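Working notes, structure below.
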Amino acid sequence: MNIIEIILSPVIALLMGLFFLGLARKIMARIHWRYGPPIYQPIIDIIRLFSQKAMSHGFIFEMGIILSLAGSFLVILFLPIGIMCPLSTGGGLLVILYVMLLGPLGIALSGGEAANPNTSIGISRKFILALCYEVPLLLIILAVITHYNTISIVEIVNRQSMSGWSFGSLPLLLSGIAYLLILPAILGIRPFEVVGAAQEISSGPSVEYGGKYLAFNTIEHGLNEFIGIALFVNLFLGGGDLFGIFASFVDTVLESILGVIVFLVKMIIVFVIGLFINAVYPRFRIEQAVKYIWVWPTLLAFVGLIIVIIVH
Amino acid sequence: MKTLKKKIESSFDNINITVTDNNMDISIDKNGIVTLLSFLKNMGYEHLALISCVDLPDEKLLEIVYILSAYMENDKKFTEKEARNIIVKTRIPRDKANFVTVIDIFENAEPYERELHELFGIHFQGHPRLTPLFLELEYKIPPFRKDFDTRKFVKQFFENIPAVE
Amino acid sequence: MDRNQIKKWFKSPAKMGHKYSLHAIYFCTGCGIIEIPPSITARWDAERFGVIPVATPRQANLFLITGYVSTKTLKAIIRTYEQMPEPKFTVGFGSCPINGGMYWDSYNTIKKLDKYIPVDGWIAGCMPRPEAVFVAVTHLWTLIDKDMANGYIKYREKYKYYRANQEKVFGTLDWPPLFS
């Protein structure tokens, strides 16, 4: 059973990541009152990119992008999708938190090897943004850990199926709102699209990628979006469970399939709400982004943490 | 306008001034251009709008044209009888076209003189940077002169390059 | 469109990929670039054909040369074209790359772009409307299907003739030859 889960989990994440990229382009096009590309357009792009002969800048240039892909796939093995969790250990949440940074690190390594000043600007912006949103993110996760008294993310999902979603429970409501406020920064959509700004810095860290490296970069982008939303759904929206009604009347195989479907539906709803914000806002500058993230979401997360400590 | 005309005529000789609606046309010998321009700048005409050139091949002369005007906040000093634009013209010989730069008086003359050097072949002494501004190739005759035959140049340069089969 | 025919995808996925995902580099040559933003925005939507603009030549597939090409621009065009990865397609817009157009007797513009980089197709007009852009894209699909859009192979095989033509215009070039 475990082997099937280890193979199936990254495959589901890959397909969902690409589906999110295509869904983003289609919904943005419909908001702009035009038809868009078909939803499977990222797959066509990746097929085309794999058949182009790109230029490589050296050994670290190629290995950096593979490192970031490896980091993202490793994080997916620790995330529960429904009741499927291939590597569920006691301290799952902390492992996710620090392995999540391997993605930007890999791209920064390979970008340093490419001799382009646009890459350096893009990477510095990416790391400043990552530094920014880690502060409220850690406060939120501290609040969740204190409330449920456990670090294992599978345990958190199971407790939510028994006692209701975290987003609805009173001590964790402020932390949930703070997480919603920094979710565009984690995903890299507007108003925090400073990293991959196409017009200002010629698409930032991916300016020297062509051919198969750009295909890996696109896959990495899709996986990043999957991880960001999956963490939110698992911590605050109950994971792959609909108030615990499944465990009572179905067996485990059907329950896992239904769990995956419910999980994906919840992710799509959160992603579409994020897309609506993406369609309306322009792009912040990096100092405006820092000023925004360190004022309101940090304050809300801090107040949420204090409320949780007081209640327990 | 009359007062300004009298003032200029009294300070300079070898000069020819005509006055139209709001503009004043001054033709002067090429040796007196620098003193005339600093004189006009002190009178309040501080904006050098354009430096241009006309090619007169029959008389074997190039005519350099400076257009000066006054900024808006100085308009209150002038009454309606003063000029709005002053056009200063000199003529230099065509064969060895050398002239003196006016960057000491008007600092924004640098790109205009660079353009005239590239397109008409006039050399300005004292200019810090007389390098090409628009064009990439080098031409034997400067392109804006009237004896530069563009069709002959195109036939001889571009149509001689063979197509790749 | 034969985008829905699964059998063709399995027979030659690379060709179908090149057809339906043409990313054009956003290089604004000359006066024809005024017709590209209308064909990208909402009224004449180019994204449903798979055509979007990208910011760098390393990610691009398609090079649109819109408008007249002066000698300074030709240097930039050659350097950009040589940076693009291999299966790449060029389309000349307007009548100026075809035979000089309005500037046929000018001392500073080149007359036929085909002598310096290989061009796969031309679009007539001064400037062509956005509907003409889409007709060009669909014609390029037919050419890719029949394996006739092979400008990049011609560049590789006849590189010394192209380089000789480029050196005739500029004298010596700053960059070394691409294919030795």
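The values are calculated or read from the model by the stated rules, or taken from the named source; none is laboratory data. Quick caveat, the model's predicted, so the values are computed rather than measured. Counting neighbours? That spans all protein chains shown, and the Cβs are built from the backbone with ideal geometry, glycine included.
Figure legend. Inter-residue proximity from the range B:137-165: first residues touching a residue at least 24 places away in the same chain (Cβ under 8 Å) and at the interface with chain C (Cβ under 8 Å from one of its Cβ atoms), second residues surrounded by 12 or more Cβ atoms within 10 Å (Cβ to Cβ) and not polar (S, T, N, Q), beta-carbon distance below 7 Å, spacing 6+ or different chains. Indicated pairs: B:143/B:119; B:143/C:107.
Out of curiosity, is residue A:135 aliphatic (A, V, I, L, M) and surrounded by fewer than 21 Cβ atoms within 10 Å (Cβ to Cβ)? Here the answer is yes, as residue A:135 does meet what is asked.
With respect to (1) modelled with pLDDT of 90 or more; (2) among the hydroxyl-bearing types (Ser, Thr, Tyr); (3) under 30 Å from residue A:45 (Cβ atoms), the lone exception for residue A:110 is condition (1). Please tell me if residue C:105 is within 29 Å of residue A:55 (Cβ to Cβ) and not β-branched (Val, Ile, Thr). Answer is no for this residue. The residue of the range C:110-137 that is nearest to the other protein chains (Cβ to nearest Cβ), among those that are assigned to a helix (DSSP H, G or I) and under 13 Å from the mean Cα position of the chain (by Cα), is C:114. Of everything in the range C:60-106 that's polar (S, T, N, Q) and in a helix (DSSP H, G or I), which residue is nearest to the other protein chains (Cβ to nearest Cβ)? Top of the filtered list is C:71.
Yes/no per residue for (1) away from chain C (no Cβ under 14 Å); (2) in a helix (DSSP H, G or I); (3) of a type outside the set (Ser, Thr, Tyr):
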position: A:6; (1), (2), (3): yes, yes, yes
position: A:12; (1), (2), (3): yes, yes, yes
position: A:16; (1), (2), (3): yes, yes, yes
position: A:34; (1), (2), (3): no, no, yes
position: A:37; (1), (2), (3): no, no, yes
position: A:61; (1), (2), (3): no, yes, yes
position: A:65; (1), (2), (3): no, yes, yes
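Answer yes if at least one residue in the range B:6-13 is touching a helix residue (DSSP H, G or I) at 6+ places or on another chain (Cβ under 7 Å) and either modelled with pLDDT of 90 or more or closer than 26 Å to residue B:110 by Cα (or both), and no otherwise. For the range B:6-13, residues touching a helix residue (DSSP H, G or I) at 6+ places or on another chain (Cβ under 7 Å) and either modelled with pLDDT of 90 or more or closer than 26 Å to residue B:110 by Cα (or both): absent. Residue count for the range C:27-55 under the criterion of being farther than 20 Å from residue A:41 by Cα and within 9 Å of another protein chain (Cβ to nearest Cβ): the result is 1.
Restricting attention to the range A:203-258, which residues are surrounded by fewer than 21 Cβ atoms within 10 Å (Cβ to Cβ), more than 20 Å from the chain's Cα centre (by Cα) and at pLDDT 85 or above? Matches in the range A:203-258: A:211, A:212.
Within the range A:39-50, the residues that satisfy the criterion of being within 7 Å of chain C (Cβ to nearest Cβ) and either over 23 Å from residue C:83 (Cα atoms) or out of contact with any His (no Cβ under 7 Å at 6 or more places or on another chain) (or both) are A:41, A:44, A:45, A:47.
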